[in-house]
Amino acid sequence: MIQAKGYAAENSTSGLAPFSFERQEPHEHEVLIDILYCGICHADIHQSKNEYGGTQYPFVPGHEIIGRVIDTGEQVTKYKTGDLVGVGYFILSCGHCPNCTNHEEQFCDNGITPTQNGKLPDGSTTKGGYSSCIVVHENYVLKVSDSLGTAGAAPLLCAGITTYSALRHNEIGTGHQVAVLGLGGLGHMAVKFAVSFGAEVTVLSSSPTKRESAIALGAHHFINTANEAELKAVSGSFDFIMDTVSAPHDYNRYLRLLKKDGTMILLGVPPENPQLAVGLLTSRRRKITGSFIGGIEDTQQMLDYCAEHDITADVEVIPPSYINTAYERILESDVTYRFVIDMKKDQQQ
Ligand code: NAP
Ligand code: ZN
Ligand code: ZN
């Protein structure tokens, strides 16, 4: 067994605290990864507070993992000790259903095993990347170019692939008017990718203080959603809206901003379901769709695209002792734009 040092929530209101546990030695096709950095995704907060139900405690979050391979099982062919690698939202899928064989493992018919709060075959619960190390099957590990660096690459493993995959699947690019609703971890990556793919991008944000930095990210326009007049001025003007908002909100306010045949892509998963004004869809043949992370092949493609185009997340690097404060600040939309935990920080002290 491997001794791991992590950070766990004991229950839905406890916050996170240091937590020691054991991981299995890597089996034949598994690699042992020494974790350097782990991003804080809003899903970690939803789950640590049990907002969707089903959180198993102690809960160790973390699915935006960057680390180095330090040991490999005997049959591993894809990685060797010293490789810089990433791990995202899931560490296993069945590998043989139509979605898995079609490189869309995130939709595995037999269910993925999420990196955090997932069920392993032995009945134990997966523990995520807010920890010193992790053991993952080589087929679910991503290669990370050294040129991407480390901390800024971590959020690519969830915020990055979620927005990249949604944009690619909907073939968004040059000639499209795209709005990004909510400028947080996902939102700022959506802006970077949509701009990079040639779209004209408008940020719809409830935080007027983000105006300047939104433009610095490459957005062409910024709308303060608290200002009705500003919102009204862009009625019927977008081909796509990428909704990344984490909290319950009125979807109908934003559906009316779509053109005829425009599409709202839901990425944020607030804990409450919305009321829908159906007429907003029927009257302009508008569509609502959703998207969920991305497959392993697409995630690798995204990481390679980022290395080629010099795209990483804008991050604030923190020691593990700051996690609870970071959670509070995320809930106040006070982060530019992703917290990333330096997993080596507290261990050195
Ligand atoms: P985040 O960094 O906290 O960003 C969410 C943004 O939503 C905030 O920055 C804020 O933007 C806006 N917002 C927050 N509360 C709001 C409120 N009460 N009213 C209006 N706007 C509000 O979160 P994230 O990590 O990007 O994650 C966003 C959501 O996506 C979460 O629900 C998460 O679980 C989900 N998610 C989904 C997937 C997927 O595969 N579909 C993957 C990862 C995460 P402004 O300040 O600009 O308004
Ligand atoms: Zn995530
Ligand atoms: Zn499958």
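The values are calculated or read from the model by the stated rules, or taken from the named source; none is laboratory data. These numbers were taken from a predicted model, which means no experiment stands behind them. Cβ coordinates were reconstructed from backbone atoms using ideal geometry, including for glycine residues, and neighbour counts include every protein chain displayed. We work out accessible area using only protein heavy atoms, side chains counted, and drop any ligands, DNA or RNA first. Shrake-Rupley method; radii C 1.70, N 1.55, O 1.52, S 1.80 Å.
Taking every C-alpha pair closer than 8 Å and separated by at least 6 residues, the mean separation divided by the residue count of the range 160-290 gives a relative contact order of 21 percent. Structural size metrics of the range 31-105, computed from C-alpha coordinates, are Rg and Dmax of 15.1, 40 Å. Over the residues of the chain, the helix contribution to mean residue ellipticity at 222 nm works out to -6000 deg cm²/dmol, using -39500 (n - 2.57) for each DSSP H run of at least 4.
Structural descriptor for the chain: relative contact order 18 percent, calculated from alpha carbon pairs under 8 angstrom and at least 6 residues apart. Under the simplified labelling scheme, the L281-E316 pair shows an inter-label distance of 3.8 nm, with each label point 7 Å from Cα along Cα→Cβ.
Which loop-located trypsin sites (Lys or Arg not before Pro) does the range 265-324 contain, where loop means any DSSP state but H, G, I, E or B and the Cβ has at most 12 other Cβ atoms within 10 Å?
R285
Using only the C-alpha atoms, the convex hull of the range 196-349 corresponds to 155 Å³ per residue.
A simple charge model with +1 on the Cβ of Lys and Arg, -1 on the Cβ of Asp and Glu and nothing else charged puts the dipole of the range 40-136 at about 180 debye relative to its Cα centre.
If R0 is 41 Å, the Cβ-Cβ spacing of L120 and E308 corresponds to a FRET efficiency of close to 0.70. Full extension of the chain segment joining S12 with E25 gains 1.7 nm, where the gain is 0.36 nm per residue of separation less the Cα-Cα distance.
Computed extension gain for T81 through K344, at 0.36 nm per residue and net of the alpha carbon distance, reaches 92.8 nm. Of the GluC sites (Glu not before Pro) found in the range 1-83, the ones in coil according to DSSP and having at most 10 other Cβ atoms within 10 Å of their Cβ are E74.
A DSSP coil position with no more than 15 other Cβ atoms inside 10 Å describes the following GluC sites (Glu not before Pro) in the range 257-331: E272.
With +1 on the Cβ of every Lys and Arg and -1 on the Cβ of every Asp and Glu, and nothing else charged, how large is the dipole of the range 249-296 about its Cα centre, in debye rounded to the nearest 20?
With Lys and Arg at +1 and Asp and Glu at -1, about 360 debye.
Taking the Cα centre of the range 268-349 as the origin, how large is its charge dipole in debye, to the nearest 20, when only Lys and Arg (+1) and Asp and Glu (-1) carry charge on their Cβ atoms? Charge dipole of the range 268-349: 580 debye, to the nearest 20. Between F292 and D261, the FRET efficiency estimated from the beta carbon spacing at R0 = 30 angstrom works out to 0.80.
Of the residues H309, H221, I112, the one whose Cα sits farthest towards the positive end of the charge dipole of the chain is H221 (charges of +1 on Lys and Arg Cβ, -1 on Asp and Glu Cβ, taken about the Cα centre). Using the Cβ of V315 as centre and a radius below 12 Å, the other residues enclosed give a net charge of -3, where K and R count +1 and D and E count -1. Using all pairs of distinct alpha-carbon atoms, the Kirkwood hydrodynamic radius of the range 88-166 works out to 13.7 angstrom. Of the residues N273, L231, G73, the one whose Cα sits farthest towards the positive end of the charge dipole of the chain is L231 (charges of +1 on Lys and Arg Cβ, -1 on Asp and Glu Cβ, taken about the Cα centre). Here the Gaussian network model covers the chain, with springs between Cα atoms less than 10 Å apart; of Y327, Y251, Y37, Y251 fluctuates the most. Between N139 and Y57, the C-beta separation translates, for a Förster distance of 22 Å, into a calculated FRET efficiency of about 0.15.
Calculated translational diffusion coefficient of the range 126-267 (10 °C, 1.306 mPa s; Stokes-Einstein with Kirkwood radius over alpha-carbon pairs) equals 98 µm²/s. Report the net charge of residues surrounding K210, where surrounding means a beta-carbon distance below 15 angstrom and charges are Lys +1, Arg +1, Asp -1, Glu -1. Net charge around K210: -2. Extension gain, S206-S237: 0.36 nm per intervening residue step, less the Cα-Cα distance, totals 9.3 nm. Shown in residue order for the range 33-48 are the 3J(HN,Hα) couplings computed by the Karplus curve 6.51 cos²θ - 1.76 cosθ + 1.60 at θ = phi - 60°: 10, 7, 7, 9, 9, 9, x, 9, 8, 4, 4, 4, 6, 3, 6, 5 Hz (x for Gly and Pro).
Return the carbon/sulfur percentage of the accessible area of the range 160-290, one whole number, probe 1.4 Å, all protein chains in place. Looking at the range 160-290 in its full context, I get 51 percent from C and S.
Here the range 36-175 is treated as a Stokes sphere of Kirkwood radius computed over C-alpha pairs; at 37 °C and 0.692 mPa s its diffusion coefficient rounds to 205 µm²/s. Note: the chain, Cα convex hull, 135 Å³ per residue. Per residue, the accessible area of the chain comes to 42 Å², computed with a 1.4 Å probe over protein heavy atoms only.
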